[in-house]
Structure formats: structure tokens, C-alpha cells
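Reviewing the structure listed below.
The values are calculated or read from the model by the stated rules, or taken from the named source; none is laboratory data. If you're wondering where the values come from, they're calculated on a predicted model, not measured in any experiment. Positions of Cβ are generated from backbone atoms using ideal geometry, with glycine treated the same way; all protein chains shown enter the neighbour counts.
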Amino acid sequence: MSVSLVDVEVPGGRRFEHHSMHSADAAGTLIVDSDQGVLLLWRHRILSDTWGWEIPAGRVDDGETPIEAAEREATEETGWRPGPLRQLASYQPVNGVSAMRFHLFLADGATHVGDPADPTEAERIEWVSVDRLRAIIADHQMPDGLSLTACLYALAVCGLD
């Protein structure tokens, strides 16, 4: 991630200096299984010193498509390879200062392939029911914006039950 000061000229001719943030895009996967529920990670975030539930997610590496990154990150972080992925949404989380995009995918089920690649990535990995997911959201236990957006989108638009 880097920050720079850019010279901006908006339509109408006004010019000013504006801080901009440059970062790789990110991709996340909401894994849903009809019998087990939703696969979440309970993890600590150092900078905000917060604990919360998240979906598996991470940066889109150079030469990688967002869907490839979503599958890779889910498998690495959880030890579960997601089933077929379909795109939920793609958005710019801070479009006033960055062109970075978050790509969200929905996986229909997953296959357990072993332990997570990095066991320190999450305190625990857990399948939770959709009702418990709603309670997690209502109780403000999902502070991560990418995860919260994916879950709320799936609940509101996709009829996640």
C-alpha cells in the first residue's frame, strides 16, 4: 500500500492537490453449505485491536484473476476448497481516495482438503448457521467491511437462508 499526493483537475476546471491510496485489489468468498451453514474465521486485527468474524479474503496477486484469488485465499485460510464460485458484487470501498476494488464471491459448498496453510491466520474456523450469522451481524461481531458487505449482500439480494 502506498499514499501519494496527486494534482487533480475536476470537470469545470478546478484544480487541487488530493491524497490517494494505492493498493492491490482484494477478493473474498462467502462459503455456504446447505447442511453446515456459513464458513467463518474468528480473528484478531492488530491495527484496530479488534476481534471479529470474517469470511476468507485477501489480495489479488499479479497475474491472478479475482476469482482465482478468492479460491486460493479461501483454501489457504480455511483448509476448505470452495465449490463453484459465482460473483456476488464488486465495489470500491474508498472510491474517494483509491481505485482499489473488492471482489466478492459466493461458493456453493466446500471440500475439506487439510489444515490451513498458515494456522496463525485465524484463532478458529467455524461453520455457523445463517441464524447465527444474523446474530453475529446484529451484535456487531463482524467489523470487517469486506466480510460484512458480502454477508449482508447475500442475505438481502440472494435470499441466503
Regarding ALA69, is this residue touching an Asp or Glu at 6+ places or on another chain (Cβ under 8 Å), hydrophobic (A, V, I, L, M, F, W, C) and over 24 Å from LEU155 (Cα atoms)? no
Within region 79-114, count every residue that is loosely packed, with under 15 Cβ neighbours inside 10 Å, among the charged types (D, E, K, R) and at pLDDT below 95. 0
Lone unmet requirement of (1) more than 15 Å from SER147 (Cα to Cα); (2) touching a strand residue (DSSP E or B) at 6+ places or on another chain (Cβ under 6 Å); (3) of a type in the set (Gly, Ala, Ser) for SER34: (2)
Can you find, within region 3-54, the residue that is surrounded by the fewest Cβ atoms within 10 Å (Cβ to Cβ) among those that are in contact (Cβ under 8 Å) with a residue 12 or more places away in the chain, among the charged types (D, E, K, R) and part of a strand (DSSP E or B)? GLU17
Please state which of the following conditions GLY58 fails to meet, knowing it meets all the rest: (1) within 14 Å of the chain's Cα centre (by Cα); (2) in contact (Cβ under 8 Å) with a residue 60 or more places away in the chain. (2)
Residue ID - nearest to ILE55 (Cα to Cα), chosen from residues in region 71-130 that are hydroxyl-bearing (Ser, Thr, Tyr) and assigned to a loop (DSSP other than H, G, I, E, B): SER129
For region 1-22: of the residues being among the charged types (D, E, K, R) and in contact with an Asp or Glu (Cβ under 8 Å, 6 or more places away or on another chain), which is farthest from ASN95 (Cα to Cα)? ARG15
Number of positions in region 133-154 that are part of a helix (DSSP H, G or I), buried (at least 16 other Cβ atoms within 10 Å of the Cβ) and either of a type outside the set (Gly, Ala, Ser) or more than 17 Å from the chain's Cα centre (by Cα) (or both): 8
